[in-house]
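Everything on this sheet refers to the single structure shown next.
The values are calculated or read from the model by the stated rules, or taken from the named source; none is laboratory data. Keep in mind the model is a prediction, meaning the values are calculated, not measured. Every residue, glycine as well, gets a Cβ built from its backbone with ideal geometry; the counts of neighbours run over all protein chains shown.
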Amino acid sequence: MRRIAMYILAIGSLLLVQDIHSQYNRFINSVGKPLPPDAAPPAQQVLRHMTPEPISLDSSIFPYDTRGTILPFEPLLTRDENMQPVAGAAQRWETNADATKWTFHLRPGARWSDGRPVTAHDFVYSYRRMVDPASANIYAFFYYDIKQAKAINHGELKEVTQLGITALDDLTLVIETEHPTPYLPHVVSFGDAFPVPQWMVEKYGRKWTEGEYLVTNSAFKILEWIRGSQMTFVPDPNYNGPNKPYLEKVIHPFRNRSAQTVMAYENDEVDIESVDLNELERIQRDPKLGKELVRMGDPATWYLFFRTQKPPFNDNRVREAFARAINREAICRVLLRGAAVPAYSMLPPGFEDYDGSKYKAWQGFDPQRAKQLMREAGYPNGRGFPRQEIWLRAPGPVYRNVAIAIQGMIKEHLGIDLSIRAADDSAYMSALFDWQMNIGLLTFGADFMDPRNMLDMTWRSQPRGSGRQDWQNAQFDALVQQAISTVDANRRSMLYRQAEQILVSDYGAAFIYHPIGLQLRKPWIKGYKQLPDGTVGRKFDFTKVYIAEH
């Protein structure tokens, strides 16, 4: 009798488990992923996110072409919401004792969207392409840690096959570096460090990412690209990795980059929308929209850079005067309405070495000192100072208003007239790397959370065509070079702090503010995490979010 009772109890427990299981997995989507218990049915797993239309999706070579759409490629490693490397195309990786040789083990069974296997040879081809000078990749310097990458990119080595990246077999990739590189997982998890399908690139050239030719290796593949209207992505059934999506469809309706409003969001035409600061006050007052407003961590820095190798900005006093004439607190408080933090240096909040006040001694608002410096430089009250243009890159209203505020402050405190010159993305970046601008307002967002990215990769001396600006300082270069090869974390941090102080005190730029992202998200979008400070992560992961029942 006891055995029968135990048997009945076991059957009951099994049925209970099955019932619980069925409750928690009511729906399974088209690629076999169970949806969360509060998820809407698969047919409703559609997310709409308006973006400017991309020029192409080949951001491994043209990094400013994509303009915020899904990037449907999977690098060796990807990033979590804290921007830390996690498994991507490689399921595991290891390094030798001095971090100069890294081995990545690719996921077996991975396939491109056309069914071909994803192999280590695809990554060899793609990394060679990224550093090949024939590709004219303005971000090639990002990979200079890899052995021979810099020499190849600068034309000192003619054979791209000498790059320190090797396929031992179809699933094993080895990367050798020029020096100890404990941060290499951050480099290979960079969003643009993805593989490309060699057979399509060689067949179609620049057009290989157009809708009908696009072959991808991520959780999403393209369904359609209707020029001037929208593009749509759907889950790729060939994808067998850890990042399968819940969503059945992501639609990117296109809009003019300078015509951003929340009207489409309010009309329920899109589920996510960035907030223009001109509408922030109205949104905060609105009982419905105010609850849907989220603040995003955004480790980035807006700064005013100078052409330092030509007059008048080759004079350190002039650069300091410009830095001292800008009231950052007023810009952040009044113009940006609290959605920014004043910047006095390059590293933004979120970095371990960020210090919000230390560098204020060099870059803080001080109009009297600014006037004095201009007198010493031979331009009392701006007399004799050549007329200058502030270059802006495809400016939206807020960006333009910040430039106008700076323009007014420079006129008020220095007596100098500045005009504003706007350029589209391509023209601006071409002029930037060709050092055609005497002064420009620009942002740089962290590619990974290490000072190497924000200081070394951005400010180390580079030849024209490779560096964003022409500022050079031998002591700065020496310090960041030492930091590269330093494994000890404390000493490495000290070297970067010293380098940052040189950048700030030599006025390589006038640092303006660190932004805080603002976005409206419909309450039915779930799956993203809030950070301890109340913000949400910088990365919006389309493979983690889903549509809840509503």
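Brief remarks on what is shown
- Members of segment 245-271 found to be modelled with pLDDT under 95 and β-branched (Val, Ile, Thr), listed by number: 261, 262
- So residue 443, is it within 30 Å of residue 133 (Cα to Cα), among the β-branched types (Val, Ile, Thr) and under 21 Å from the mean Cα position of the chain (by Cα): yes
- Residue among 196, 201, 174 that alone is outside any loop (DSSP other than H, G, I, E, B), of a type in the set (A, V, I, L, M, F, W, C), closer than 18 Å to residue 128 by Cα and out of contact with any strand residue (DSSP E or B) (no Cβ under 7 Å at 6 or more places or on another chain): 201
- Look at segment 148-171: where a residue is more than 17 Å from residue 137 (Cα to Cα) and a partner is of a type in the set (Ser, Thr, Tyr) and in a helix (DSSP H, G or I), sitting 6+ places away or on another chain with Cβ atoms under 9 Å, you get 165/127.
- Scanning segment 206-233 for residues that are in contact with a Lys or Arg (Cβ under 9 Å, 6 or more places away or on another chain), touching a residue at least 60 places away in the same chain (Cβ under 8 Å) and over 19 Å from residue 126 (Cβ atoms) gives a single hit, 233.
- Among the candidates 289, 293, 247, 304, residue that is in contact with a strand residue (DSSP E or B) (Cβ under 8 Å, 6 or more places away or on another chain), of a type in the set (A, V, I, L, M) and closer than 30 Å to residue 209 by Cβ: 247
- One residue from 426, 430 being more than 16 Å from residue 503 (Cα to Cα) and either assigned to a strand (DSSP E or B) or free of Cβ contacts under 8 Å to residues at least 24 places away in the same chain (or both): 430
- Test for residue 273: is it surrounded by 14 or more Cβ atoms within 10 Å (Cβ to Cβ), in contact with a Ser or Thr (Cβ under 9 Å, 6 or more places away or on another chain) and in the same structural domain as residue 525 (by TED's automatic domain parsing): yes
- Evaluation of residue 464 against (1) assigned to a helix (DSSP H, G or I); (2) closer than 22 Å to residue 309 by Cα (one fails), failing number: (1)
- The residue pairs whose first member lies in segment 508-528 and is polar (S, T, N, Q), whose second member is at pLDDT below 95 and outside any strand (DSSP E or B), and whose beta carbons are closer than 7 Å, counting only pairs six or more residues apart or on different chains, are 519/275.
- Residues (of a type in the set (A, V, I, L, M) and surrounded by 19 or more Cβ atoms within 10 Å (Cβ to Cβ)) located in segment 350-376: 370, 373, 374
- Breaking point among (1) among the charged types (D, E, K, R); (2) over 22 Å from residue 313 (Cβ atoms); (3) in contact with a Pro (Cβ under 8 Å, 6 or more places away or on another chain), for residue 328: (2)
- Scanning segment 110-161 for residues that are among the hydrophobic types (A, V, I, L, M, F, W, C), in a loop (DSSP other than H, G, I, E, B) and under 23 Å from the mean Cα position of the chain (by Cα) yields 136, 138.
- Single condition residue 411 does not satisfy, out of (1) within 30 Å of residue 489 (Cβ to Cβ); (2) assigned to a helix (DSSP H, G or I): (1)
- No other residue among 80, 38, 65 is modelled with pLDDT of 95 or more and acidic (Asp, Glu) apart from 38.
- Pairs linking a residue in segment 334-355 that is among the polar types (S, T, N, Q) to a residue that is buried (at least 18 other Cβ atoms within 10 Å of the Cβ) and outside any loop (DSSP other than H, G, I, E, B), with Cβ atoms under 6 Å and 6 or more positions apart or on different chains, are 345/500; 345/504; 345/511.
- Residue satisfying condition, being under 25 Å from residue 527 (Cα atoms) and in contact with a helix residue (DSSP H, G or I) (Cβ under 7 Å, 6 or more places away or on another chain), within set 262, 234: 262
- Filter result for residue 208 (farther than 30 Å from residue 255 by Cβ and outside any strand (DSSP E or B)): no
- Residue in segment 361-373 that is basic (Lys, Arg), in contact (Cβ under 8 Å) with a residue 24 or more places away in the chain and touching a Pro at 6+ places or on another chain (Cβ under 9 Å) present: yes
- Pair list, Cβ under 7 Å, 6 or more apart: segment 529-550 residue closer than 18 Å to residue 190 by Cβ, other residue polar (S, T, N, Q) and assigned to a loop (DSSP other than H, G, I, E, B): 537/82; 543/243
- Against the test of being at pLDDT 95 or above, part of a loop (DSSP other than H, G, I, E, B) and either at negative phi or assigned by TED's automatic domain parsing to the domain that holds residue 445 (or both), the options 477, 470 yield a single qualifying residue, 470.
- One residue stands out among those in segment 402-446 that are acidic (Asp, Glu) and touching a Gly at 6+ places or on another chain (Cβ under 8 Å): the one that is farthest from residue 324 (Cα to Cα), which is 434.
- Set side by side, the residues 455, 414 differ, and just one is over 27 Å from residue 53 (Cα atoms), within 19 Å of the chain's Cα centre (by Cα) and crowded, with 17+ Cβ neighbours inside 10 Å, which is 455.
- Just one of the listed residues (456, 447) is part of a helix (DSSP H, G or I) and of a type in the set (Asp, Glu), namely 456.
- Candidate set: segment 494-550, residues that are assigned to a strand (DSSP E or B) and hydroxyl-bearing (Ser, Thr, Tyr); chosen: the one farthest from residue 36 (Cα to Cα): 513
- Segment 151-167, residues that are buried (at least 18 other Cβ atoms within 10 Å of the Cβ) and either of a type in the set (A, V, I, L, M) or at pLDDT below 95 (or both): 152, 160, 163, 165
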